[in-house]
Every structure is written in C-alpha cells, then in structure tokens.
1. Condition first: within 15 Å of the ligand (Cβ to nearest atom) and of a type in the set (S, T, N, Q). Now tell me which residues in the range 108-161 satisfy that.
2. Going residue by residue through the range 98-107, is there one that turns out to be under 22 Å from K150 (Cα atoms), in contact with a helix residue (DSSP H, G or I) (Cβ under 8 Å, 6 or more places away or on another chain) and within 12 Å of the ligand (Cβ to nearest atom)?
3. Tell me which residues, restricted to the range 95-119, are part of a loop (DSSP other than H, G, I, E, B) and within 16 Å of the chain's Cα centre (by Cα).
4. So which residues in the range 96-111 are free of Cβ contacts under 8 Å to residues at least 40 places away in the same chain and either among the hydrophobic types (A, V, I, L, M, F, W, C) or out of contact with any strand residue (DSSP E or B) (no Cβ under 8 Å at 6 or more places or on another chain) (or both), if there are any at all?
5. Looking only at the range 79-122, which residues are of a type in the set (A, V, I, L, M) and farther than 13 Å from A47 by Cβ?
6. Mind checking whether some residue in the range 134-151 is of a type in the set (A, V, I, L, M), within 24 Å of K5 (Cα to Cα) and touching a residue at least 24 places away in the same chain (Cβ under 8 Å)?
7. Out of V88, V37, V52, I need the residue that is within 16 Å of the ligand (Cβ to nearest atom), in contact with a strand residue (DSSP E or B) (Cβ under 8 Å, 6 or more places away or on another chain), farther than 21 Å from H123 by Cβ and not hydroxyl-bearing (S, T, Y). Which one?
8. Do you know which of the residues in the range 1-32 that are of a type in the set (G, A, S) and either closer than 24 Å to K150 by Cα or within 16 Å of the ligand (Cβ to nearest atom) (or both) is surrounded by the most Cβ atoms within 10 Å (Cβ to Cβ)?
Amino acid sequence: MSESKRLFFAIELPTSLQRQIVRWRASHFPAEAGRPVAAANMHLTLAFLGDVSAEKQRALSALAGRIFQPGFTLHLDDAGQWLRSRVVWLGIRQPPRGLLQLASMLRAQAARSGCYQSPQPFHPHITLLRDAGQAVAIPPPGFHWSFEVKEFALYESAFVQGRTRYTPLQRWTLGDTLRNPDEV
Ligand code: 3AM
C-alpha cells in the first residue's frame with residue numbers, strides 16, 4: 001500500500017509580506033498570547049484534504065489542473081481570534097469572488113474524491129498564532145497589505161524534528177482576465 005501524506009490546497013504569501021506580518025505580530029502580541037506560526041509556514045488555506053494516498057493525490061492534482069479562472073487581489077484588512085480553535089488570524093473583510101470560487105471548486109473536488117470536508121463555510125484567514133486559548137486584545141489592523149494572487153499550491157504538512165513544516169508540492173497558475181483578442 002502506498003504511503004499517504006497530509007495535504008491541503010493553499011495560497012502562498014510573498015516572502016516580503018510574511019516578514020512584515022511577523023514584525024507586526026511581534027510588536028502587537030505578547031509572547032504568552034499563543035504559539036507563533038513560522039513566517040515560511042504562513043499561508044491562506046483553500047481546502048484541507050487530510051491524509052491522502054499517492055493515487056488520490058494524482059487524481060486531485062489532475063482535477064486542480066482543470067480549474068481555469070483569473071487571478072485576483074487580496075487586501076488583508078481584518079484580524080481576529082477564534083477561541084474554539086484557539087487561533088489568532090488575519091483576514092479579509094470582503095473576500096473577492098475569485099477567492100471564494102477557487103476555494104469552493106477545490107473543496108467540491110475534494111469532497112467528490114472522498115476527502116472529508118467540513119460543513120463550515122469557508123472563512124479565508126491566515127493563522128498567526130496557535131494555542132491562543134485565552135482572549136487577547138486584537139489590535140486594529142493598521143496596515144495596508146495587498147497582494148496579487150496568480151497561483152495556488154498543493155501543500156504537504158509534515159511533522160519533522162518536533163516542528164510542523166508546510167511544503168508546496170505543486171503549483172497551478174491562475175489565468176489572466178480574458179482579453180479582447182485585438183488588444184495587445
Ligand atoms: O492554518 P490554517 O488554519 O489555515 O488548521 C489547519 C491549517 O489551516 C487546517 O489545515 C491547514 C494546514 O494544516 N486543518 C488541519 N486539520 C484540519 C481539519 N481536520 C484542518 N482543516 C479542517 N479540518
């Protein structure tokens with residue numbers, strides 16, 4: 001039997017943005033607020049797949065490759081805490097339609113392929129702190145962080161030497177907005 005991997009689809013964050021977020025987090029949250037997510041692990045989850053066999057991974061990758069939609073811009077303008085899942089997050093007040101469509105397609109493909117999908121609606125977020133079980137003061141997001149999303153990725157989540165590491169295994173490009181063929 002082939003080995004399974006713990007996988008999820010997500011949007012990667014530009015390295016420069018990961019660094020800015022880490023600086024903002026360090027100056028706004030005390031160390032006891034929670035366990036900081038490593039900069040390189042910061043991402044926006046689109047669909048969690050759970051433990052997936054190599055065969056199912058190939059099938060899910062083939063389906064992801066059939067998604068055709070334009071890219072979009074994400075404006076990070078929200079922050080909050082979910083006490084139940086013990087996370088502090090950054091988010092998007094009005095998620096663009098492209099983001100919702102992409103997540104919805106990936107979640108539907110995963111469900112049809114037999115991966116468990118939570119009935120909870122998709123809440124786009126970037127996890128900043130885990131194990132944040134006590135309510136913390138959430139500073140108003142006094143930042144203006146935007147980035148263009150031109151691709152999405154399939155990530156592996158692995159626990160190596162006492163640390164969780166997320167590694168992109170495969171990436172897919174989102175198309176440009178359809179242009180008039182006469183346009184140069
Ligand atoms: O960092 P976020 O919250 O975006 O919470 C886990 C993380 O997302 C989520 O998948 C991402 C990579 O681990 N995750 C883990 N287990 C999950 C589950 N059983 C899950 N999402 C839904 N159901």
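1. Hits for the range 108-161 are Q117, S118, Q120, T127, S157.
2. Going through the range 98-107, the residues under 22 Å from K150 (Cα atoms) turn out to be 98-107.
Among the residues that remain, those that are also in contact with a helix residue (DSSP H, G or I) (Cβ under 8 Å, 6 or more places away or on another chain) are: 106.
Narrowing further to those that are within 12 Å of the ligand (Cβ to nearest atom): none.
No: the range 98-107 contains no residue that is under 22 Å from K150 (Cα atoms), in contact with a helix residue (DSSP H, G or I) (Cβ under 8 Å, 6 or more places away or on another chain) and within 12 Å of the ligand (Cβ to nearest atom).
3. Step one: filter the range 95-119 for residues part of a loop (DSSP other than H, G, I, E, B), giving 95-96, 113-119.
Passing the criteria: P95, P96, Q117, S118.
4. Listed by number, the residues that qualify are L100, Q101, S104, M105, A108, A111.
5. So in the range 79-122, the residues of a type in the set (A, V, I, L, M) come out as 79, 83, 87-88, 90, 92, 99-100, 102-103, 105-106, 108, 110-111.
Matches in the range 79-122: A79, L83, V87, V88, L90, I92.
6. no
7. On the way: V88 fails: farther than 21 Å from H123 by Cβ; V37 fails: farther than 21 Å from H123 by Cβ.
Exactly one of V88, V37, V52 is within 16 Å of the ligand (Cβ to nearest atom), in contact with a strand residue (DSSP E or B) (Cβ under 8 Å, 6 or more places away or on another chain), farther than 21 Å from H123 by Cβ and not hydroxyl-bearing (S, T, Y), namely V52.
8. If we filter the range 1-32 for residues that are of a type in the set (G, A, S), which is where we start, we get 2, 4, 10, 16, 26-27, 31.
Then keep just the ones that are either closer than 24 Å to K150 by Cα or within 16 Å of the ligand (Cβ to nearest atom) (or both); that gives 4, 10, 16.
Working: S4: 14, A10: 23, S16: 9.
The qualifying residue surrounded by the most Cβ atoms within 10 Å (Cβ to Cβ) is A10.
Where a number appears in this text, it was derived from the coordinates with a stated rule and is not lab data. Everything numeric here is computed off the predicted structure, so don't read it as measured data. As a convention, Cβ positions derive from the backbone with ideal geometry for all residues, glycine included, and neighbour counts pool all protein chains shown.
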